[in-house]
Structure formats: C-alpha cells, structure tokens
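Asker: One structure, pasted below without further comment.
Throughout, read-outs are computed from the coordinates displayed, never taken from laboratory work. Since the structure is predicted, the reported quantities are computational estimates derived from the model, not experimental observations. Note that we place each Cβ from the backbone using ideal geometry, even for glycine, and neighbour counts take in every protein chain shown.
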Amino acid sequence: MPKKVTLPKWLLKLMRTRDMTLEQAYDFVRKHGFKVSIGWLSMHKDLWKPKRKRELVFREEDKYLDSDLAKRIMLFKGKHLEDMSEKKHFTAKDLEKFTERTPEACAEFARQCLVWKGKPIELQDYQLKMIEGWLGPKPTVYPIGRGGGKDFTLAVFLAWYLTVNPGTRAIVICPAQRQVKTFIHENLALLFQTSGVLYDSIEKFIEEEFRLTNGSVVFTYGATSFIKGKHHIDFIFCNEAAEIPEHVFENVLLPMLGSHESKGHLSIIGVPGGQQGYFWKAYQDSSPDINDPKAKFYRIQLPTEVNKYYSKEQLEMNRRLMSHDVFLQEHMAQFLDVEGALFTQQIIEMMKEDYETRFGIVDNKKQYYAGIDWGRTGSYTVVVILSYDPKEKFARVEYIQGMRKAFPEQLAWIKAADNIYNFKCLMVERMGLGIPPSDELRKDLGSRKVKYFIPSAKIWFDAFTHLRDAAVNNKLVIPASELKLISQLRLLSFKIKGEHITVKSEGKDDYAQALAIAYWAIKKRGRAGVAGKL
Ligand SMILES: Nc1ncnc2c1ncn2[C@@H]1O[C@H](COP(=O)(O)OP(=O)(O)OP(=O)(O)O)[C@@H](O)[C@H]1O
Ligand SMILES: [Mg+2]
C-alpha cells in the first residue's frame, strides 16, 4: 500500500476515467509518467501549482478598517473619496444657469456636478454641437466613428436634461440588451452614482427603467426585444442605429413620437452600416446646416479622431489591421456602398438574435464545432465556437474568443475549450504563420478532429456562400451584440474577375472568416464523441 496521502484530483481522475484501482493508477504513473493536456493543466492551476505563501503586513491605519472592506480596498488601491464630486450647496444663481436650455448650461452642469474617472467633466466642442442638435427643433442623425464618444455624450446630456427638466421621458434603444446594460451601468447610472450632488436623485434603477426622484425617466430597450409602446415621449435615442431594424423605426418608434403634443425628438446615432436601412434613409434626408429648410434631419458626421480621448496609437493600429472598407466605415463614419454585398441588411436581420454568449455551457444533444482564424503579426486570433443540432440542422454561435497572446497560450486555451466542448470538428486556417500552430493542434488532438482549411479564392467563396445559405434558410443565428462580426459580414462582397467569382476580403476580416470556417467545419465534420468530456 502506498503511504497515506491526500490524493491529487488528477490521480482520482485517472482512476475514474480508466477504471483503475489506486495501486494500478500509481503503477501507471510510475511506468508511463503522467501527462495531462496543457489545457487541463491551465484550467486547474490550483491543483498542481504550489501555493506561494504571502505575508501581509498591515499598516497601522489599515487595521481599523476591517469592518469596512470596501473602503479598505479602495484605500489599498490608492483611491480616495474625492473621486466623488464634493457635496455642494448651489445658489439660486447656479441653479438658474443649469436650467437654461443651452449647450453651455449642460457644459456648466457637467463641470460642476459630474465626474468621470475622478475628474470634473469638460465637454469637447463637437459634443456641445451634438447637444445643440438635441435641443433643436429637428430630428438628428449622427454618424460617428467607433469610440467617438457617442455613449458618453448621450449620458452626460441625459444626466443634465433629466435633472433640470422634471418629468422628462426618454427612450434609449440599442440593438441588444447587453449594449443597453452597458450604456446604463457604465455611463448613465455611473454619472449619478459618482456624483456627490446627484447620488440620491436615483429613485428606481431596474432593467428597463431608470427613474429619478423628480419624475424624469429613461426607458431602455434592446431592439429585438418587445418594446412597450409609451406615450408622451420627449426623446428617442437610437444608439448603434445601423443595427436597429427598419420596421422597428416605422412600426414602433415613430408612432410613439407622433402622440406627443409638442412632438418628441428622434435622434439616430451610430457607426454607419452601409447604404441601407433607416439610418441611411435619414442620412440622405439630412443637412449639416441646422436651419436648412429642405432637410428633415440635422446631421453631424464625425470620425473617431475628433475624440481626443481615443488613443492615437490604437487608431493607427486599427488602420493597419482593418481592411480599408472596415476602417472607412468604423472610424471614418462613412456609409459605404457595398456592391454585390453577400450579407445584406435583410440577411443579417434574419441571423441576429438577442442573447448573451457564454463560455462552457454544453448541451449533450448538440455537437460543437470551432473555426480558427490565426492572427497574423500583431493581430488577433479569433476562435468561433458553434453548437449544432443535427436533427434540426441548426447552428448557433455559442462563443467568440479573440486572443492577442503567444501561440502556446492560444493553443492551451483551444485545448482547454476542447476539453469542455469535445469538438466534433475543429477547423483551422492553415496558411503562413498559421501553419505551425495548425500542425501542432493536429498533432495533439488528432487528424480526425482537427481539419485544415486551406484558403484559396474558391474555398472562401464556397465557405461564405455556404454560410449565407444557412442564414437565408434560418439555419444559423448569431448574437446581435457582436458588432465586430456583423460589420465585417456586412462589408463582404462578391467580385467578378474574368471568369471567377471571388469574395472581396483583404484577409483582415478575422471574425467573419472564423465564423465561415466554423460553419464549413460542419460540412467536413470529424468523428469525435459526444460533448462534455470533462
Ligand atoms: N469630454 C470628455 N471628457 C472625458 N472623457 C471623454 C470625453 N469625451 C469622451 N471621453 C472618453 O471617450 C470614451 C468614448 O467612449 P464611448 O463609449 O462614449 O464612445 P462610443 O462612440 O460610444 O464608442 P463605440 O462606438 O465603441 O460604442 C468615453 O468612455 C470617455 O472615457
Ligand atoms: Mg457606444
């Protein structure tokens, strides 16, 4: 009998999976050594990594704070309560200034009452212009590049307007619930919660409603969820408007504004999504002159770089990594005419569903597939995980992982994922820098499971049209919140070169490619077992 020890879990696992007694398991390890996959090891670090002992030395002043851990951690991280704007007592004159209906009043309010990252907010000039539009008589259309400060400006505007105009009723619509949540939690509510003078002004803060003590309220919806009709609406903000279906504008939003005596304001904001849909229509009927009598909408169109808080390095990196069209759309806020688009607005609407992707949830009735687009220098490797219901022939994007790490770490992640999903087929793009990791993965997981996708104009065309067929036949859904994937799909187009039809893609459409590869894998499925190996 071996000595009495606490058995490590891997040993127990070995006994269980190979049906061994303890002695047999020890013998097995003695003879063969014990190899577990890198993925398994990386997921169970706590089982095999020796724990480092750390001695915590408390400073004298810290000792007294242990009954308030929240505060202690705040101090530990070097943060102080000054992060919250101080409590103030404003004079009647201050209040008068705040309640004027001008962009400057909003700017003054932001300066005196709101903080962002510990500092008072100073609005940028273009943000004042956006606010001027929202206060004006015309509906507004604001195509603005990614990271241009759309959410931020809207949150500051709403914080001010709701506070100084009791009983205001506004609606904010985003394409998916997740974006609505992000907007409320990370922008609007945060402004109130970090402000010493507004903290107590929140009365109710639930999923679909953000209400202040003065009766002002913001209703928030994902565009694909059921939008309850509301009356007496002062503002409707459509955020990421390219992803809001046209019928939602026509059948749900516009009628709501019609019922207001003084007519509510409609604002359409977002990164453009091609020359289609309501966003594009509104844009065509717009003018940058706020007083132009011929145009229905007032327009402000801005590239990302107007926001001085957006990192220049990031912008330059994106310029290199994104395909030309994607950059024009995402950062220059251009409405592109995608001739011969593969995935039109309509097809994308058919594919989109409002759900959250979650890692590691396995349904044993389904099969799992993964598609991998290896990162070229400095760019992401993208892994798309699909579930597939063989009875219904129905696929769903379960998870998307972008990784900017060294290949060994990426391989470890992929193998860990395989431990959970037990992919029926894992298809990798085998080309250039992606050849070594593709081969290594095949060596480790076997050629039955790991299939190569060897890119050529023809196979890309086949894979994308196969994906498109699935979309058109309602055999595939993707999460509405994955804007990167959606904007890349939208910009893919057919091109005819001589006798050949190809898909226009500069090899930088990593999310769309990983999805096409994952879906192609279903066609070329391997012969692994059922899901849920671990
Ligand atoms: N006046 C300002 N003061 C401080 N920070 C600012 C200001 N304007 C913009 N920012 C910063 O710029 C960021 C812009 O991000 P925001 O999410 O609002 O942009 P976005 O246009 O909605 O981006 P996306 O297209 O990715 O949704 C803000 O989170 C904020 O940190
Ligand atoms: Mg945004």
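Asker: So how much slack lies between Ile454 and Lys524, counting 0.36 nm per residue of separation and subtracting their Cα-Cα distance, in nm?
Answerer: Numbers: separation 70, 0.36 × 70 = 25.20 nm, distance 1.29 nm.
Value of the extension gain: 23.9 nm.
Asker: Report the full-extension gain for the segment Arg101 to Glu313: residue separation times 0.36 nm, less the Cα-Cα distance, to one decimal in nm. Please report the intermediate quantities before stating the final value.
Answerer: Working: separation 212, 0.36 × 212 = 76.32 nm, distance 3.77 nm.
Answer, rounded to one decimal: 72.6 nm.
Asker: What is the distance, in nm, between label points placed 7 Å from the Cα along the Cα-to-Cβ direction at His231 and at Glu23?
Answerer: Spacing of the two 7 Å Cα→Cβ label points: 8.4 nm.
Asker: Just want the answer: with Cβ charges of +1 for Lys and Arg and -1 for Asp and Glu, which residue in Gln276, Phe249, Gly264 is farthest toward the dipole's positive end in segment 224-317?
Answerer: Of the options given, the answer is Gly264.
Asker: Also: Put a dot 7 Å past each Cα toward the Cβ at Thr502 and Glu339; how far apart are the dots in nm?
Answerer: Output for this residue pair reads 1.6 nm.
Asker: Could I ask something else about it? Any of Lys117/Lys405; Lys393/Lys449; Lys312/Lys508; Lys228/Lys352; Lys97/Lys181; Lys181/Lys204 with alpha carbons more than 22 Å apart? Name them for me.
Answerer: On the way: Lys117/Lys405 29 Å; Lys393/Lys449 20 Å; Lys312/Lys508 20 Å; Lys228/Lys352 20 Å; Lys97/Lys181 32 Å; Lys181/Lys204 15 Å.
Violating the 22 Å Cα-Cα cut-off are Lys117/Lys405; Lys97/Lys181.
Asker: Applying a 10 Å radius around every beta-carbon, put 465-475, 355-365 in order of their mean neighbour count, most first. Can you show the working numbers first?
Answerer: Working: 465-475: 16.5, 355-365: 12.5.
In decreasing order of mean packing, 465-475, 355-365 become 465-475, 355-365.
Asker: Please report, in Å, the Rg and the Dmax of segment 345-523, where both are computed over Cα atoms only.
Answerer: Values for segment 345-523 (Cα only, Rg and Dmax): 15.3, 47 Å.
Asker: Expected output is a single nm value to one decimal: the length gained when fully extending between Lys9 and Lys495, i.e. 0.36 nm times separation in residues minus the C-alpha distance. What is it? Provide the component values of the computation, followed by the final result.
Answerer: Working: separation 486, 0.36 × 486 = 174.96 nm, distance 5.57 nm.
My answer for the length gained is 169.4 nm.
Asker: All other residues with a Cβ under 15 Å from the Cβ of Pro293 taken together, and with Lys, Arg as +1 and Asp, Glu as -1, what is their net charge?
Answerer: On the way: positive: Lys138, Lys294, Lys296, Arg299; negative: Asp285, Asp289, Asp292.
It works out to a net charge of +1.
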